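The values are calculated or read from the model by the stated rules, or taken from the named source; none is laboratory data. Just so we're clear, the structure is a prediction, and the values are computed from it rather than from any experiment. Quick reminder, even Gly has a Cβ in these numbers, built from the backbone with ideal geometry, and neighbours come from all protein chains shown.
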Amino acid sequence: MAEMNRKRIIHKKNRKRQKHKELGREVAITFLIVILIGLLLSRFVFSLPENVGYGMMNSLRDGDRVYVNRLGKLRRFSLIYFKQPDGKGTAIRRIIGLPGEQVRYTNDDLYINDRLVVERFLQKSLAQAKLADEVITKDFDSTDILKTDDGTIPDGHYLVLGDNRGYATDSRYYGVVDKKKIIGTVELRWWPFYQIRSYR
């Protein structure tokens, strides 16, 4: 009788060990699958880069972390994450001009195809500049950038500017951005956590 009880106890212990092994194996496989899915998503669906520099102040600060949607639609005033045309790494800037458009700035006013377009995201900076009798965007038009007679942005290209106009390196320096160089649209600042902000 004692021998039978001992065998039962040993059998139960073996079954427990087997269950623990199976559970550990399942957890490990699940963990690997989650990592693999995360890697695939980060390669094809999203990216979590750091904003470097002060070209996007006050919308983004140096060191902010953002969520980039690799499948996002490119619209006027969208923030985009892209490879710079001059080959000097990546950057975040704002789309101002779309393919087929002519862009002009006069006295801090934006004109698209000679039609006034309001930049609401700059209203505070524009008001402060006006009080100081200054401008934040020096006069220019897309003919200066494209070196063409009419300054029409070619298909598949975008004119981008930084929000910190006096400081930013953007299309005024390296030209329009090829769509193939655009990694995605910036949709959220997730770091620092206490300053989470949506850019949709």
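Here are some notes:
- The stretch 128-145, residues that are aliphatic (A, V, I, L, M) and closer than 17 Å to residue 160 by Cβ: 136, 145
- Meets criteria (over 21 Å from residue 85 (Cα atoms), surrounded by 11 or more Cβ atoms within 10 Å (Cβ to Cβ), modelled with pLDDT of 95 or more and among the charged types (D, E, K, R)) for residue 163: no
- When the stretch 50-107 is filtered for residues that are aromatic (Phe, Trp, Tyr) and either surrounded by 14 or more Cβ atoms within 10 Å (Cβ to Cβ) or closer than 13 Å to residue 168 by Cβ (or both), the ones remaining, listed by number, are 54, 67, 81, 82, 105.
- Pair list, Cβ < 7 Å and 6+ apart or interchain, from the stretch 73-99 residues that are in contact (Cβ under 8 Å) with a residue 12 or more places away in the chain and closer than 13 Å to residue 49 by Cβ to residues that are part of a strand (DSSP E or B) and among the basic types (Lys, Arg): 79/94; 80/93; 90/83
- For the stretch 131-173, a tally of residues being in contact (Cβ under 8 Å) with a residue 12 or more places away in the chain and either in contact with a strand residue (DSSP E or B) (Cβ under 8 Å, 6 or more places away or on another chain) or among the basic types (Lys, Arg) (or both) returns 23.
- Test: residue 141 is over 17 Å from the mean Cα position of the chain (by Cα) and surrounded by 12 or more Cβ atoms within 10 Å (Cβ to Cβ): yes
- Counting only strands (runs of 3 or more DSSP E) wholly contained in the stretch 93-177, the ones carrying 3 or more residues that are more than 18 Å from residue 56 (Cβ to Cβ) occupy 103-106, 109-112, 115-117.
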